[in-house]
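What follows is a single structure, written as C-alpha cells, with notes after it.
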Amino acid sequence: MAVNLLGNSDADARVILNVGGTRFETLKSTLKKLPATRLSKLTEQLSYYDPILNEYFFDRHPGVFSQILNYYRTGKLHYPTNVCGPLFEDELSYWSLQREDVEPCCWMTYTKHRSTAETLSILDSLELDTVRSSKQEVLKKFGWDDNYEYVQGRLPKYKKMMMITWQIFEEPRSSTVAKVVTVISIFFILVSILSFVLQTLSMFRITEIDFVNVYVNKTTTDRTPTLNRQQVHPTFDIVEWICNSWFIFEIVIRFIVSPSKKEFSKSILNIIDFLATLWFFFTWALIKLNVNDNEALDLLSTIRIMRLFKLFNHHPGLKVIITSMKYSSSVLWLLIFFVLIAVAIFASLIYYAERMTTKHPDENMFTSIPDALWFNMITMSTIGYGDYYPKTMLGMLIGAVATVAGVLIIDLPMPIIVESFANFYTHLRARSKLPKTRRKIGPAETLMKKRTAITTIENAQNLRLLGQAAKSSMFGSKTMINNNRMSSMA
C-alpha cells in the first residue's frame with residue numbers, strides 16, 4: 001500500500017489513489033489530518049485496495065476529488081464551478097465530509113442549487129406540465145389505490161364516470177372534450193364580465209320618467225316629467241341568466257366529482273365562484289322585491305370580476321406570477337412596513353413644518369396629520385394628484401426628500417421580486433422543452449455481479465501466472481543447485 005523505499009516512518013509513506021481512472025498521489029500523514037473520514041481509514045484489508053497495482057480504486061468523480069484532496073492538504077474546501085451542486089453534496093457525503101466546511105467565498109455559489117431544487121419542487125407541486133394524469137394517479141387522488149380490484153380496472157360504472165368527468169373539468173388539456181369545456185367556461189366568464197361593464201353605460205340603461213301635475217297658477221296645471229329611476233336593459237338580464245346557469249352547472253358538477261369535498265370547499269377560486277353566483281340571485285331577488293336603494297349592494301357585485309382568477313388554472317404563466325408573489329411575500333411585507341414608517345415620519349415632519357412657517361393659518365393645506373399622511377402616500381409612490389401640496393420652503397424641502405426616499409424604499413426590493421419571478425419562469429420554460437420520457441438507468445446489482453465474475457476470472461488468471469512463475473523459479477533454483485553439486489564433485 002505505502003511506498004517507503006527510503007526507510008522513513010509510516011506516516012511519511014506515499015499513498016496512490018485511483019479515482020475514476022485518474023491517479024492521485026499523496027502522503028499518508030496528509031490523509032490523517034481529517035480523522036473520522038473515509039480517506040483517514042485506509043488499510044490494505046479494504047475491498048477497494050489493489051495489491052497488484054499497489055493503489056486504492058474509487059469509482060467516483062475525479063474533478064471533485066481534486067478539491068477534496070486539496071482540502072486535506074490546505075485545510076480549505078473550495079467548490080468546483082464545473083459540477084452541479086447535488087453531485088458535489090453526494091461526493092462530500094461519500095468521503096464523510098460536511099458541507100459546512102465549504103469556504104465562505106464559495107458558499108453562495110454552492111448553495112445556489114438549493115434554491116433551484118426548491119423552485120423545481122414548487123413547480124412540481126403546481127403540476128404545470130401535467131397534460132393528463134395516469135390512471136394510477138387519478139386513483140390515488142380519489143383514495144382508491146388501496147383497493148386491488150380498482151387498481152386492476154374493475155371499477156363500478158359510476159366511479160369510472162366520476163374519474164372521466166373530473167379529468168374533463170379539472171385537466172383542461174387532457175382530451176378534446178376537456179378543451180371544449182374549457183373554451184366554453186372561458187367564454188361565459190368573459191361574457192359575464194363584459195355584460196357587467198357595459199350595463200353601466202347610459203346608452204344601455206332605460207330611464208323611467210314619471211309625470212306629475214304642477215300648478216302654474218291657481219287655475220292652470222301642467223304635466224312635468226320627473227326622473228324616477230334607471231333600469232338595465234332586459235337583454236343584460238337574459239345574458240346574466242345564461243352565464244350564471246352555466247356557472248351553477250359547472251360548480252355543482254365539479255363538487256360532485258371532486259375527490260375531496262373538503263379541499264374543494266376550501267379553494268379560494270371555488271369560494272369566489274360560489275359567492276359571485278349567489279350574489280347574482282340575491283340582487284335579482286332585491287329587484288323583484290322593488291328594493292330601489294341598492295347602490296351600496298351593487299358595490300359587492302364586483303366580486304364577479306374575480307372570476308378572472310379562474311383563468312390562472314388554464315395558463316401556466318399566470319400561476320407562476322402568483323407563486324412568485326407568494327415566494328416573495330417576506331420581501332413584500334418588509335417593503336410595506338418600511339413604506340408605512342416613512343409615510344408616518346414625513347407626514348409628521350411636513351405637518352409641523354407647514355404649521356410653524358406659514359404666515360397665515362388659512363393658507364396651510366395640512367390641517368391635520370391624516371391630510372399629511374395622504375400627501376406623503378401619493379408623493380412617495382410618485383403618483384402626485386396635486387390636491388395637497390406644501391407652500392413653504394421648508395415644507396417643499398421635506399416633500400422633495402420624501403419623494404427621493406419613496407423611490408429608494410420602493411425600488412430597492414423590486415429586483416428581488418423580479419429575480420424570483422424570472423427564476424420560476426426560466427425553469428418553467430426549461431421544463432417545457434425537456435422530453436416527456438427520459439432514459440432510466442438500470443440497477444447497479446447486475447453490473448456488480450458481472451464485474452465480480454470478470455474480476456474472479458482475472459484473479460484466477462493472475463494466480464495461474466503467478467503459479468507458473470513460481471514453478472519456473474523453483475525449477476531454476478534446483479538446476480542451479482545440481483550444477484553446483486556437479487562442479488564440487490569435479
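The values are calculated or read from the model by the stated rules, or taken from the named source; none is laboratory data. Since the model is a prediction, treat every value here as computed from it, not as a measurement. With ideal geometry, Cβ positions are generated from the backbone for all residues, glycine too; neighbour counts draw on all protein chains shown. Heavy atoms of the whole protein, side chains included, go into the accessibility calculation; ligands, DNA and RNA do not. Shrake-Rupley method; radii C 1.70, N 1.55, O 1.52, S 1.80 Å.
Restricting segment 239-266 to residues that are open to solvent by 40 Å² or more (accessible area, probe 1.4 Å) and among the polar types (S, T, N, Q), the residue that is farthest from TYR158 (Cα to Cα) is SER245. Just one residue in the set VAL401, VAL407 is without any contact (Cβ under 8 Å) to a residue 40 or more places away in the chain and either farther than 30 Å from VAL320 by Cβ or in a helix (DSSP H, G or I) (or both); that residue is VAL407.
Check whether at least one residue in segment 400-419 is surrounded by 13 or more Cβ atoms within 10 Å (Cβ to Cβ), at pLDDT 85 or above and touching a Pro at 6+ places or on another chain (Cβ under 8 Å), and report yes or no. Scanning segment 400-419 turns up no residue that is surrounded by 13 or more Cβ atoms within 10 Å (Cβ to Cβ), at pLDDT 85 or above and touching a Pro at 6+ places or on another chain (Cβ under 8 Å). Checked against (1) in a helix (DSSP H, G or I); (2) at pLDDT below 90; (3) surrounded by 15 or more Cβ atoms within 10 Å (Cβ to Cβ), TYR72 passes all but condition (2). If VAL291 passes every condition in (1) over 17 Å from VAL197 (Cβ atoms); (2) at pLDDT below 80; (3) open to solvent by 50 Å² or more (accessible area, probe 1.4 Å); (4) in a helix (DSSP H, G or I) but one, which one does it miss? Answer for VAL291: the failing condition is (4).
Taken as a whole, the condition of being surrounded by 14 or more Cβ atoms within 10 Å (Cβ to Cβ), at negative phi and in contact (Cβ under 8 Å) with a residue 40 or more places away in the chain does not apply to ILE378. Looking at VAL339, VAL331, just one residue is open to solvent by less than 50 Å² (accessible area, probe 1.4 Å) and either at pLDDT 90 or above or not in a helix (DSSP H, G or I) (or both), and that residue is VAL339.
Taking the criterion of being more than 37 Å from the chain's Cα centre (by Cα), surrounded by fewer than 14 Cβ atoms within 10 Å (Cβ to Cβ) and more than 30 Å from TYR389 (Cα to Cα), would at least one residue in segment 298-314 satisfy it? Taking every residue of segment 298-314 in turn, at least one turns out to be more than 37 Å from the chain's Cα centre (by Cα), surrounded by fewer than 14 Cβ atoms within 10 Å (Cβ to Cβ) and more than 30 Å from TYR389 (Cα to Cα).
For segment 41-50, the set of residues classified as closer than 15 Å to TRP95 by Cα and surrounded by 15 or more Cβ atoms within 10 Å (Cβ to Cβ) consists of LEU42 only.
Which ones in segment 151-189 are part of a loop (DSSP other than H, G, I, E, B) and within 29 Å of the chain's Cα centre (by Cα)?
Taking segment 151-189 first, the residues part of a loop (DSSP other than H, G, I, E, B) are 152-156, 171-175.
Matches in segment 151-189: GLU171, PRO172, ARG173, SER174, SER175.
Using the structure shown, decide if ILE383 is open to solvent by 90 Å² or more (accessible area, probe 1.4 Å) and not in a helix (DSSP H, G or I). Quick ask: steps written out before the conclusion?
Working: open to solvent by 90 Å² or more (accessible area, probe 1.4 Å): yes; not in a helix (DSSP H, G or I): yes.
Against the criterion (open to solvent by 90 Å² or more (accessible area, probe 1.4 Å) and not in a helix (DSSP H, G or I)), ILE383 qualifies.
Among the residues of segment 357-377, those that are at pLDDT 85 or above and part of a helix (DSSP H, G or I) comprise ILE369, PRO370, ASP371, ALA372, LEU373, TRP374, PHE375, ASN376, MET377.
Kindly indicate which of VAL138, VAL131 is in contact with a helix residue (DSSP H, G or I) (Cβ under 8 Å, 6 or more places away or on another chain), among the hydrophobic types (A, V, I, L, M, F, W, C) and either farther than 19 Å from TYR425 by Cβ or at pLDDT below 75 (or both). Please lay out each step first, then the result.
Details: VAL131 fails: in contact with a helix residue (DSSP H, G or I) (Cβ under 8 Å, 6 or more places away or on another chain).
Answer to the selection: VAL138.
When LEU120, LEU53 are checked against the criterion of being under 14 Å from VAL19 (Cβ atoms), open to solvent by 40 Å² or more (accessible area, probe 1.4 Å) and hydrophobic (A, V, I, L, M, F, W, C), a single residue qualifies: LEU53. Within segment 160-190, the set of residues being in contact (Cβ under 8 Å) with a residue 12 or more places away in the chain, open to solvent by 40 Å² or more (accessible area, probe 1.4 Å) and within 25 Å of ASP237 (Cβ to Cβ) comprises ILE184, ILE186. Look at segment 305-319: where a residue is modelled with pLDDT under 75 and a partner is open to solvent by 70 Å² or more (accessible area, probe 1.4 Å) and in a helix (DSSP H, G or I), sitting 6+ places away or on another chain with Cβ atoms under 8 Å, you get GLY317/TYR425.
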